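Novice: First the structure, which I've put down as structure tokens, then a few questions once you've had a look.
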Amino acid sequence: MKSINHIVKILGAGMILLCFSACLKDSPQSTNFNTVKPVIEQLPAPNLLFAGATSGANTYCYYKEIRVDSTYTWTDSLPIDVGGPLISADVVVTLGIDTANFNAFNGNNGGGFTILPSADYSYVNGNTVTIKGGTGTAACYIKFNTKAIDWTKTYILPIAITNASGQTISGDYGTIMYYIVPGNQYMGLYLSQGYRTFMKNSYSINDLKPMQDLSAIWTVQGGYPTAGNQPSQGPQAFDPNQVVTNCADVAIYQGIGVQMDLTVNPDNSVVVSNDNLYGFGKLNTYLLDPGTSSYNPTTHTFTLSYGFIDPYSGDTNVVYEVMTRLK
């Protein structure tokens, strides 16, 4: 009898599981991923401007930081992506200006924005880009004329995917509002080479480092999401002379999390200091001691000398690095 009861219990549990499985399969709330169709969308950098609680799909706004230097030009990319399953055939994507969604965004956010004039930028290879069959991404390039841009105005560049070879265009990321802000002449991607001397040991430095100027973004937002400083402690206007980057080599940055400010003086001498501008990283643990540093505006190269003392062990690190801008 006990065996029969045991078998009945097992059969009963099995029936419950089968019914539960069937309910899951038949539920209209379940997602069948085999039916998901691809969409064509833009992939902006993760620097969303949280402007306007009523900004919805197609009125999300992202910063596009334009470097302003003596060349008066800056080329940036617009990444285009296939969301969902890849498409076997080539997809020709056409880009244009979305005035309607710009008007919605502008109305939701105080009405103080202006569409960037067409004279201030141009497409490098035309306003179309091809996503090759079986691939997921492509990029369209835009060249900005920074000498023509009136930086006293608040510009939005509302780029829209207007055609995608008959493929579905994303309802959320088919149009992106790009908030145009300036970056100073020192921002960019740099190759950092040199060495760090720790006691009697020497460690080579051979890293890629982004050099960032966030002053215009900070001013617009009244801060920066991952920064430690309060808005009143950060830059109160666009800063043409300071940038922030990682300190020393990868081992030191990843282990300690120290970032440093580089301040370029009118004579191109450079002051190295802990990042007090934004408050990134460990501010008061490893205090940087600046040496003699300089900037070469012709080769876009920083030659840096600085050091720091481990407050726990008392050990001294001396850093020499040459940072050359790649782009």
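The values are calculated or read from the model by the stated rules, or taken from the named source; none is laboratory data. Since this is a predicted model, take the numbers as computed values, not measurements. Note that we place each Cβ from the backbone using ideal geometry, even for glycine, and neighbour counts take in every protein chain shown. These area figures cover heavy atoms from the full protein model, side chains too; ligands, DNA and RNA do not enter into them. Shrake-Rupley method; radii C 1.70, N 1.55, O 1.52, S 1.80 Å.
Novice: For the range 125-132, check the following and say yes or no: at least one residue is surrounded by 15 or more Cβ atoms within 10 Å (Cβ to Cβ) and touching a residue at least 40 places away in the same chain (Cβ under 8 Å).
Specialist: The initial filter retains those residues of the range 125-132 that are surrounded by 15 or more Cβ atoms within 10 Å (Cβ to Cβ), namely 127, 129, 131.
Now drop any that are not touching a residue at least 40 places away in the same chain (Cβ under 8 Å), which leaves 129, 131.
Yes; the residues of the range 125-132 include at least one that is surrounded by 15 or more Cβ atoms within 10 Å (Cβ to Cβ) and touching a residue at least 40 places away in the same chain (Cβ under 8 Å).
Novice: Looking at (1) surrounded by fewer than 17 Cβ atoms within 10 Å (Cβ to Cβ); (2) over 30 Å from PRO210 (Cβ atoms); (3) modelled with pLDDT under 95; (4) of a type in the set (S, T, N, Q), which is the only condition THR71 fails?
Specialist: (2)
Novice: Continuing with the same structure: Which is at pLDDT below 90 and not in a strand (DSSP E or B), of ALA237, ALA227?
Specialist: Numbers: ALA237 fails: at pLDDT below 90.
Answer to the selection: ALA227.
Novice: In addition: Cβ-Cβ under 8 Å, sequence separation 6+ or interchain: first residue in the range 207-226 and touching a residue at least 24 places away in the same chain (Cβ under 8 Å), partner β-branched (Val, Ile, Thr) and open to solvent by 40 Å² or more (accessible area, probe 1.4 Å). Which pairs?
Specialist: Qualifying pairs under 8 Å: ASP207/VAL250.
Novice: For the range 209-219, does any single residue satisfy the condition of being over 25 Å from ARG325 (Cβ atoms) and either among the hydrophobic types (A, V, I, L, M, F, W, C) or buried (at least 19 other Cβ atoms within 10 Å of the Cβ) (or both)?
Specialist: Initial filter on the range 209-219 (over 25 Å from ARG325 (Cβ atoms)): none.
The answer is no, given that none of the residues of the range 209-219 is over 25 Å from ARG325 (Cβ atoms) and either among the hydrophobic types (A, V, I, L, M, F, W, C) or buried (at least 19 other Cβ atoms within 10 Å of the Cβ) (or both).
Novice: So which of SER305, SER293, SER192, SER273 ends up being under 23 Å from THR71 (Cβ atoms), among the small types (Gly, Ala, Ser) and in contact (Cβ under 8 Å) with a residue 12 or more places away in the chain? Before you say what the answer is, go through the steps one by one.
Specialist: Numbers: SER305 fails: under 23 Å from THR71 (Cβ atoms); SER293 fails: under 23 Å from THR71 (Cβ atoms); SER273 fails: under 23 Å from THR71 (Cβ atoms).
Result of the check over SER305, SER293, SER192, SER273: SER192.
Novice: Can I ask one more? Identify the residue in the range 228-256 that is open to solvent by less than 20 Å² (accessible area, probe 1.4 Å) and of a type in the set (Gly, Ala, Ser) and, among all such residues, is nearest to ASN109 (Cα to Cα).
Specialist: This residue is GLY234.
Novice: Could you tell me how many of the residues in the range 88-121 are β-branched (Val, Ile, Thr) and surrounded by 20 or more Cβ atoms within 10 Å (Cβ to Cβ)?
Specialist: Start the filter on the range 88-121 by keeping residues that are β-branched (Val, Ile, Thr), which leaves 91-94, 97, 99, 114-115.
When the remaining residues are screened for being surrounded by 20 or more Cβ atoms within 10 Å (Cβ to Cβ), the result is 91, 93.
Summing the residues that are β-branched (Val, Ile, Thr) and surrounded by 20 or more Cβ atoms within 10 Å (Cβ to Cβ) in the range 88-121 gives 2.
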